[in-house]
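To keep things clear, I will list the structure first and then write my remarks on it.
Values in this text are rule-based calculations from the coordinates and carry no lab data. Keep in mind it's a predicted model, so treat the numbers as computed, not measured. Positions of Cβ are generated from backbone atoms using ideal geometry, with glycine treated the same way; all protein chains shown enter the neighbour counts.
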Amino acid sequence: MTLSLCQFVFAINLAKLIQFIYASGYTCSTGETWRTPEMAEIYKKKGIGIKDSQHCKKLAADLNLFKDGVYLSNTWEHKPFGEYWMSLNPNNRWGGDWNKNHRTDEGEDDGNHYEMKEASV
């Protein structure tokens, strides 16, 4: 699958996720959805990101989750949405699940992070 096709699928899945969040009685706003390689390098040096971020490929988004106007920052508060996200496509990965199934180099969970890995066909 080409990068552009992955980006199209990611965008559709992100729209579905946002609709699911709202249908569940929550609201959200987008945080970082695209990151330059230069910024990825800066984040890596600060220990708050990785150089090969899916954000650089336009295959990741950070969502700010709210319930009744209150910002929810804990990974567990994103869990139902992370599980829904992963159910949409086998290439979808959720930051709250890093240390369980997908990547172990991330360190701490990143519950507001939703990404798609590139698929090869």
List the pair-distance distribution P(r) of region 3-116, using every Cα-Cα distance, as the percent of pairs falling in each 5 Å bin from 0 up to the bin containing the longest distance, rounded to whole percents. 2, 12, 22, 25, 20, 13, 4, 1
Helix-derived [θ] at 222 nm for the chain: sum -39500 (n - 2.57) over DSSP H runs of at least 4, divide by residue count, nearest 500? -12000 deg cm²/dmol
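What FRET efficiency do you get for residue 36 and residue 83 if R0 is 35 Å and r is their Cβ-Cβ distance, rounded to the nearest 0.05? Mind dumping the intermediate values first?
Details: r = 31 Å, r/R0 = 0.87.
For residue 36 and residue 83, the calculated efficiency is 0.70.
Multiplying the sequence separation of residue 76 and residue 2 by 0.36 nm and subtracting their Cα-Cα distance, what value in nm do you get? Write out the running numbers ahead of the final one.
On the way: separation 74, 0.36 × 74 = 26.64 nm, distance 3.31 nm.
Working it through step by step, the gained length comes to 23.3 nm.
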In nm, give the distance between the simple-model label positions of residue 11 and residue 44, each being 7 Å from the Cα along the Cα-to-Cβ direction. 2.8
Pick from 40, 60, 23: which is most flexible by mean-square fluctuation in a GNM of the chain where alpha carbon atoms under 10 Å apart are linked? 23
Centroid-to-centroid separation of region 5-25 and region 70-85 [C-alpha atoms, Å]: 14
